[in-house]
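Scroll down for the structure; my scribbles are underneath it.
The values are calculated or read from the model by the stated rules, or taken from the named source; none is laboratory data. Predicted model, so just to flag it, every value in this text is computed and none were measured. We place every Cβ from the backbone using ideal geometry, glycine too, and count neighbours over all the protein chains shown.
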Amino acid sequence: MAKRILLIEGHPDPDPARYLRALANAYAEGAQAAGHEVERIAVATLEIPFLRSQAEWQAAEPPAALRACQEAIRRAEHIVILYPLWLGTLPAMLKAFLEQVLRPGFAIGSAGRLGHAPLLKGRSARIVITMGMPALVYRWWFGAHSLRSLERNVLRFVGLGPIRETLIGPVEAMGPARRAAWIGTLRRIGRQGR
């Protein structure tokens, strides 16, 4: 069954030659070839102000371009977030994007004294992370701490699930054949809409 898929490219560098862009393109090509509808957000192309207070996060309106991103998230049935691992976590620009778009009233509602109500239920997700270290080292030695935090404290918090993950590394040490193999893998995952 065809899905509405949103790709969020979280690399802060807009250079189209980035390997992460090739991975995103492969996913999109595979998804579109299988009949899925694909929409894309390139975080690097957006002006994203940093939030500086809880009051601003709760009450201020995000800029118009980011409200359009909220609408893209609302339309999506499956969300794919791709980003490079920087200093052990996601780049600050992607974090600022998520803080701007996943606000109260859009991504979370009030559940009174019991906490919050996730408002983005019914959407699945995939996280694709590229990194300089071997993915196995990130997962087992470092515990994939930033990935776990993003999954649990952000995506599941707003209602997304199930959440799948693809960890790719060490990117800098990969030869052309291995890079091409990962592109093929992302194209296949895109066809599956997962």
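Determine whether the stretch 83-101 contains at least one residue that is surrounded by 17 or more Cβ atoms within 10 Å (Cβ to Cβ), among the basic types (K, R), in contact with a helix residue (DSSP H, G or I) (Cβ under 8 Å, 6 or more places away or on another chain) and modelled with pLDDT of 95 or more.
no
Restrict the check to the stretch 146-157 and report whether at least one residue is aliphatic (A, V, I, L, M), at pLDDT 95 or above and assigned to a loop (DSSP other than H, G, I, E, B).
Taking the stretch 146-157 as the starting set, the residues that turn out to be aliphatic (A, V, I, L, M) are 147, 150, 154-155.
From the residues that got through so far, the ones that are at pLDDT 95 or above too are 147, 150, 154-155.
Keeping just the survivors that are assigned to a loop (DSSP other than H, G, I, E, B) gives none.
No, the stretch 146-157 has no match at all.
Name the one entry in R187, R164 that is of a type outside the set (S, T, Y), within 18 Å of A31 (Cα to Cα) and within 13 Å of the chain's Cα centre (by Cα).
Numbers: R187 fails: within 13 Å of the chain's Cα centre (by Cα).
From the options R187, R164, the qualifying one is R164.
Condition check ((1) surrounded by 13 or more Cβ atoms within 10 Å (Cβ to Cβ); (2) small (G, A, S)) across all residues:
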position	(1), (2)
I127	yes, no
G132	yes, yes
A135	yes, yes
L150	yes, no
R164	yes, no
M174	yes, no
A177	no, yes
A180	yes, yes
G184	no, yes
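Could you please find all residues in the stretch 103-122 being surrounded by fewer than 20 Cβ atoms within 10 Å (Cβ to Cβ) and either under 18 Å from the mean Cα position of the chain (by Cα) or part of a strand (DSSP E or B) (or both)? Spell out how you get there, then give the answer.
Taking the stretch 103-122 first, the residues surrounded by fewer than 20 Cβ atoms within 10 Å (Cβ to Cβ) are 104-106, 108-119, 121-122.
Across the stretch 103-122, the qualifying residues are P104, F106, I108, G109, S110, H116, A117, P118, L119, K121, G122.
Would you mention how many residues in the stretch 15-63 are aromatic (F, W, Y) and farther than 15 Å from L102 by Cβ? First the steps, then the outcome.
Going through the stretch 15-63, the residues aromatic (F, W, Y) turn out to be 19, 27, 50, 57.
After this cut, where a residue has to be farther than 15 Å from L102 by Cβ as well, the list is 19, 27.
Selection size over the stretch 15-63: 2.
Given the conditions (1) in contact (Cβ under 8 Å) with a residue 40 or more places away in the chain; (2) within 16 Å of the chain's Cα centre (by Cα), and given that R40 satisfies all but one, which numbered condition is not satisfied?
Failed condition: (1).
Of the numbered conditions (1) within 17 Å of H11 (Cα to Cα); (2) among the β-branched types (V, I, T); (3) in a helix (DSSP H, G or I), I129 fails exactly one; give the number of that condition.
It is condition (3) that I129 fails.
Which of the residues belonging to the stretch 25-38 are surrounded by 17 or more Cβ atoms within 10 Å (Cβ to Cβ) and either farther than 23 Å from G122 by Cα or charged (D, E, K, R) (or both)?
N25, A26
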